[in-house]
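Data block below; observations after.
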Amino acid sequence: STMNSVSTGFLAPYKMTLHKLLVRPESISDTSAELTFALDKQDDGDTTVDSVATFTYDTTLASNTLLTVNSSDWSATPSVEAGDKIGLSIDANTDPSGAIDWYITSVWRVEVVI
């Protein structure tokens with residue numbers, strides 16, 4: 001609901017497009033949970049959170065198994081501009097796991113303008 005916290009956002013140093021999001025959960029107790037991924041941003045100079053793109057993963061979840069979200073999976077092109085504050089979030093329709101670790105990384109295509 002906000003990106004005005006040090007743990008919920010990062011700055012885009014360049015124009016960037018989310019190429020791939022990799023997620024690997026530990027033990028899943030509810031394999032039917034749907035996960036909704038969201039990419040949000042705050043433009044340079046304001047604090048309004050704008051939705052960039054979303055993706056709902058409704059395939060069966062599996063423990064210790066890699067889940068990949070590609071750039072083509074999103075509802076819109078997952079791109080942000082240099083200077084934007086960016087937030088990635090994951091919401092589930094039911095709790096898929098309780099208290100476990102989720103390992104997540106993102107791969108970005110960067111457009112450097114000099």
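Side notes on the structure shown:
- Size-normalised alpha-carbon gyration radius of the chain, reference 2.2 N^0.38 Å: 1.11
- Sites Thr48 and Ala92 - FRET efficiency at Förster radius 35 Å, r taken between beta-carbons, to 0.05: 0.85
- Accessible heavy-atom area order of Ser71, Ser32, highest first, probe of 1.4 Å: Ser32, Ser71
- The accessible surface of the chain, taken with every protein chain in place and a 1.4 Å probe, is 48 percent carbon and sulfur.
- Per residue, the Cα convex hull of the range 61-114 amounts to 134 Å³.
- Placing a label point 7 Å from the Cα of Thr56 along the Cα-to-Cβ direction, the residues of the range 72-114 whose backbone N falls under 11 Å from that point are 93.
- Sequentially through the range 47-52, phi angles give Karplus couplings (6.51, -1.76, 1.60; θ = phi - 60°) of 10, 6, 8, 10, 6, 8 Hz, Gly and Pro residues having no value and appearing as x.
The values are calculated or read from the model by the stated rules, or taken from the named source; none is laboratory data. Note that the structure is a prediction, hence the values are computed from the model and not measured. Note: ideal-geometry Cβ built from the backbone for every residue, glycine included; neighbour counts use all protein chains shown. Heavy atoms of the whole protein, side chains included, go into the accessibility calculation; ligands, DNA and RNA do not. Shrake-Rupley method; radii C 1.70, N 1.55, O 1.52, S 1.80 Å.
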